[in-house]
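Notes follow the structure.
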Amino acid sequence: MADVKAFQGFRPRADVVDRVAALPYDVYNREEAKAEVEREPFSFLKVDRAETQFDDSMDMYAPEVYQKAKELLTGMIQEGIYVQEDKNVYYIYELTMEGRVQTGIVACASIDDYQNNVIKKHENTREEKEIDRINHVDICNAQTGPIFLAYRAEELIDAVVNHVKTGTPVYRFTSPDGIGHAVWVIRDDADIAQIEEGFRRVDSIYIADGHHRAASAVKVGLKRRAEHPNYDGTEEFNYFLSVLFPHNQLMIMPYNRVIKDLAGRTEEEFLGCLEESFDVEQQSEPVNPEKKATFGMYLNRKWYLLKAHPDVCGEDPVEGLDVSILQKQVFEKLLNITDPRTDNRIDFVGGIRGLQELERRANEDMCLAFSMYPTSIMELFEVSDAGLLMPPKSTWFEPKLRSGIFIHQL
């Protein structure tokens, strides 16, 4: 069963929340982050990416940057931009994208559940990426960007959510990217108890997005335990800020691929080699795959539909993923790309950017693009339940959770 708890959160005043709410820190490069903070001085990105407050000569991982983040967060609280709840609460966070609604519970998840694999992962993390957020959380003494978690839908939780959403939200706004955001506070003790009981019926929770943030939050919690050997498990550092969504409301978009070259093959040779593993059909229109084991390919300003032969579709939860088929049968076998994490001949394009972005990249700085059929949430669950890992960049979740709407102090 999952240990999920209410918390005494900080949140922005209603009159500024739309200005404070920011996309996750890692969707921006340094130049983009600086431009966004200049555009919107209230943006929480200035806390998440405090190097924006220095000139470009400052190392973005310097101790002064994390101290500046702490100073800015403390200032926003002292100035009254943030207010704190008077008791432990849950929140309901609703996001609407192009008419599709997904509604999650904002809560604190347990670092022990993470350690004991009640909270399951499907990606590896890299230590150098963790260190940045470890320093940010530890020095700010707060978690500011929630982890995106998923669980198999539970009727008890759904009932509370549906009931509370009949009331007036504390926030309702549309962010500059067109995503609708609404928040309700779950204050009633009976509703809080029912949420807790609902999660006690949940055997497994899955990290959908935010593996590095989750790993960093857990490591800060373990560090605090070492510093407080008499801890009893109820301290806030034993938990990390999350938004938990039922599986039946989530949509995964494809994570497409672009490739630099054909590894010395001509176009005709490459197409001929593909036919060993795929049926290859040239198309008159861009290809957005409509089912598993099919792929769009853009080469030399022409689109093709690739249909994988049955013998290359593995039954293993990982081997059967479309991203695995493409990696094994094309990238490794034909293009000598054995480690897509480190090979600079491959790049990844989130499905939100559309097929035009694939054409642009293949026509400009790359030569070949693949459009994918998205990994399903149930495939993610199956891989995680089997204790396996997906290839890198297997899932792209939209819409993205905003940082700065909810803050959990340790």
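The values are calculated or read from the model by the stated rules, or taken from the named source; none is laboratory data. This is a predicted model, so every value here is computed, not measured. Virtual Cβ from ideal backbone geometry, glycine too; neighbours counted across all protein chains shown.
Below are the figures for this structure:
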{"read-out": "Residue match in the range 293-302 (condition: modelled with pLDDT of 95 or more, aromatic (Phe, Trp, Tyr) and within 18 Å of Pro340 (Cβ to Cβ))", "value": "yes"}
{"read-out": "Sole residue being under 30 Å from Gly145 (Cα atoms) and of a type outside the set (Asp, Glu), chosen from Ala214, Ala263", "value": "Ala214"}
{"read-out": "Close pairs (6 angstrom Cβ cut-off, 6 or more residues apart or separate chains): in contact (Cβ under 8 Å) with a residue 60 or more places away in the chain in the range 146-169, of a type in the set (Asp, Glu) anywhere", "value": "Phe148/Asp209"}
{"read-out": "Residue that is surrounded by the most Cβ atoms within 10 Å (Cβ to Cβ) [pool: residues in the range 356-410 that are more than 18 Å from the chain's Cα centre (by Cα) and part of a strand (DSSP E or B)]", "value": "Phe370"}
{"read-out": "Pairs where the first residue, in the range 322-339, is in the same structural domain as Gly272 (by TED's automatic domain parsing) and the second is assigned to a helix (DSSP H, G or I) and of a type in the set (Asp, Glu), C-beta under 7 Å, 6+ apart", "value": "Thr338/Glu332"}
{"read-out": "Test: Pro254 is at pLDDT below 95, closer than 21 Å to Asp365 by Cβ and out of contact with any Cys (no Cβ under 9 Å at 6 or more places or on another chain)", "value": "yes"}
{"read-out": "Where His247 falls short, out of the listed (1) over 30 Å from Ile147 (Cβ atoms); (2) out of contact with any Leu (no Cβ under 8 Å at 6 or more places or on another chain); (3) not hydroxyl-bearing (Ser, Thr, Tyr)", "value": "(1)"}
{"read-out": "Flag for Lys68 being modelled with pLDDT of 95 or more and either over 23 Å from Leu149 (Cβ atoms) or surrounded by 15 or more Cβ atoms within 10 Å (Cβ to Cβ) (or both)", "value": "yes"}
{"read-out": "Residue in the range 59-82 that is in a strand (DSSP E or B) and in contact with a strand residue (DSSP E or B) (Cβ under 9 Å, 6 or more places away or on another chain) present", "value": "yes"}
{"read-out": "In the range 247-274, residue surrounded by the fewest Cβ atoms within 10 Å (Cβ to Cβ) [restricted to those that are of a type in the set (Val, Ile, Thr) and touching a Phe, Trp or Tyr at 6+ places or on another chain (Cβ under 8 Å)]", "value": "Ile252"}
{"read-out": "Residue tally, condition β-branched (Val, Ile, Thr) and over 14 Å from Asp3 (Cβ atoms), over the range 217-249", "value": "2"}
{"read-out": "Test: residue in the range 65-79 that is within 21 Å of the chain's Cα centre (by Cα) and more than 18 Å from Ala214 (Cβ to Cβ)", "value": "no"}
{"read-out": "Enumeration of residues in the range 322-350 that are buried (at least 21 other Cβ atoms within 10 Å of the Cβ) and under 19 Å from the mean Cα position of the chain (by Cα)", "value": "Val323, Val349"}
{"read-out": "When residues of the range 1-57 are limited to those that are among the basic types (Lys, Arg) and not in a loop (DSSP other than H, G, I, E, B), the one nearest to Ser204 (Cα to Cα)", "value": "Lys5"}
{"read-out": "Residue among Gly233, Gly221 that is modelled with pLDDT of 95 or more, closer than 24 Å to Glu85 by Cβ and out of contact with any strand residue (DSSP E or B) (no Cβ under 6 Å at 6 or more places or on another chain)", "value": "Gly221"}
{"read-out": "So Tyr231, is it assigned to a loop (DSSP other than H, G, I, E, B) and not small (Gly, Ala, Ser)", "value": "yes"}
{"read-out": "Filter result (assigned to a strand (DSSP E or B), among the hydrophobic types (A, V, I, L, M, F, W, C) and farther than 21 Å from Gln194 by Cβ) within the range 83-121", "value": "Val83, Leu95, Met97, Val101, Ile119"}
{"read-out": "Failed item, numbered, when Glu315 is tested on (1) of a type in the set (Asp, Glu); (2) at pLDDT 95 or above; (3) under 32 Å from the mean Cα position of the chain (by Cα)", "value": "(2)"}
{"read-out": "Residues satisfying the stated conditions in the range 25-51, i.e. of a type in the set (S, T, N, Q) and at pLDDT 95 or above", "value": "Ser43"}
